[in-house]
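J.: One structure, as structure tokens, below. Some questions next.
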Amino acid sequence: MKLIGQMKVIKLMNYILNETSTCYIYLVFRGPVLCVVMSSNGEQCYSGGTDGLIQGWNTTNPNIDPYDSYAFKKNEYPSVLRGPLLGHTDAVWGLAYSAAHQRLLSCSADGTLRLWNTMEVAPALSVFNDTQELGIPASVDLVSSDPSHMVASFSKGYTSIFNMETQQRILTLESNVDTRLSKLDVTDQELIPHAANSSCQINRVISHPTLPISITAHEDRHIKFYDNNTGKLIHSMVAHLEAVTSLAVDPNGLYLMSGSHDCSIRLWNLESKTCIQEFTAHRKKFEESIHDVAFHPSKCYIASAGADALAKVFV
């Protein structure tokens, strides 16, 4: 895993590309790193990989010389590596950090969602979907309008909201699944196989930062918007030429950014649901292109990561 610092800015057409250099490289995983999330204060970092491990890191002081080899001094190494969070038995697909509760959410190919206490290196506080009735979780996020809730998407086409305190599934959002599953008292397990037959793969789910809305990115090129209170579909649109792989909403909740395997990043006005900017960001590799997009929490920067092994920062 690499910690990258912004070094200088280069103007490129109608946007500015930040040229960056690596400050630190952390080598702990036994395979590829699939996801990374930062704490809200930027002092901790968590990463998940194909080996099923979640590693916690203390980020470095920006005033420290990046060429100082402090991370390799034996007596200072523990100050960087916080220790692994053990429990998943397969690849960790996604992570989400809760500043309100100092908690970390993870979703894994082992079929489970897990809730961790970031203040200590200990087993997970809670395990969700351990029976895999919804399928394999593909993405997870915190519900911004209710810090005690999380939203997750699954391989069978479901997107569900869970209460992290009671560990109960309280709502399944209306999609290509049987609409009867959106009721609060979901108990009929016979509905699940029937609904899964018509489901569509969901690649990403995110929560709007200020409104009770969940947004999903689909393999069939769609982006969909849901009401978290009722589970009803608010709006659906074909957003890209190929699969939509990633989503991000700016901190003010005004703009949506989407990435796709069609190599483009698109910026959307959330009020009108119209595309206001599009640009090509990454080249294709093995039929894949953009894997993730993000807004900076306080500055006018956006970032993307692609299958071409590049991470880019734009202004």
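Every number in this text was worked out from the coordinates using simple rules, so none of it is lab data. On a predicted model such as this, the values are computed, not experimentally measured, just so you know. Because the Cβ atoms are built from the backbone with ideal geometry, glycine has one as well, and the counts that use them run over all protein chains shown.
J.: Per-residue HN-Hα couplings for segment 250-267, Karplus 6.51 cos²θ - 1.76 cosθ + 1.60 at θ = phi - 60°, whole Hz, x for Gly and Pro?
T.: Taking θ as phi minus 60°, the curve returns 5, x, 7, x, 9, 10, 10, 10, 10, x, 8, 6, 7, 6, 10, 10, 10, 10 Hz for segment 250-267.
J.: For the pair THR59 and SER298, how long in nm is the line joining their label points, each one 7 Å along Cα→Cβ?
T.: Computed distance between label sites THR59 and SER298 equals 1.0 nm.
J.: List the residues whose amide H sits under 5 Å from the amide H of THR59, counting only those 5 or more places along or on another chain, with H placed 1.01 Å from N in the peptide plane.
T.: Excluding prolines and chain starts, which carry no amide H, the hits are GLN44, CYS45.
J.: Multiplying the sequence separation of GLU43 and GLU133 by 0.36 nm and subtracting their Cα-Cα distance, what value in nm do you get?
T.: Length difference between fully extended and current span is 28.8 nm.
J.: Quick check: residue separation of THR50 and SER148 times 0.36 nm, minus the Cα distance between them. What number comes out in nm?
T.: Using 0.36 nm per residue and subtracting the Cα-Cα distance, I get 32.5 nm.
J.: Please find the FRET efficiency linking MET119 to GLU165, where r is the Cβ-Cβ separation and R0 is fixed at 22 Å, and quote it to the nearest 0.05.
T.: Plugging the Cβ-Cβ distance into 1/(1 + (r/R0)^6) gives 0.80.
J.: Could you work out how far apart the two model spin labels at SER236 and GLU219 are, taking each label as a point 7 Å from the Cα in the direction of the beta carbon, and quote it in nm?
T.: Here the answer is 1.6 nm between the modelled labels.
J.: Relative to a virtual label point 7 Å from the Cα of LEU211 in the Cα→beta-carbon direction, which members of segment 259-279 show backbone nitrogen distances below 15 Å?
T.: Taking a point 7 Å out along Cα→Cβ of LEU211, the residues of segment 259-279 whose backbone N falls under 15 Å are 268-275.
J.: Run the simple label-point estimate for LYS284 and VAL80 please: 7 Å along Cα→C-beta, distance reported in nm.
T.: So the two model labels end up 3.9 nm from each other.
J.: Any idea what the relative contact order of segment 213-302 is, in percent, if you count C-alpha pairs under 8 Å spaced at least 6 apart?
T.: 21 percent
J.: Suppose the chain between ALA99 and GLU271 were pulled fully straight at 0.36 nm per residue; how much longer would it get relative to their current alpha carbon spacing?
T.: Residue separation times 0.36 nm, minus the Cα-Cα distance, leaves 59.2 nm.
J.: What order, most packed first, do the peptides 111-120, 304-313, 271-280 have when packing is the mean number of other Cβ atoms within 10 Å of each residue?
T.: In descending order of packing, they fall as 111-120, 304-313, 271-280.
J.: Separate question: 5 Å is the cut-off here: which amide hydrogens, built 1.01 Å from N in the peptide plane, fall below it relative to ASN203, excluding neighbours closer than 5 in sequence?
T.: ALA217, HIS218, GLU219
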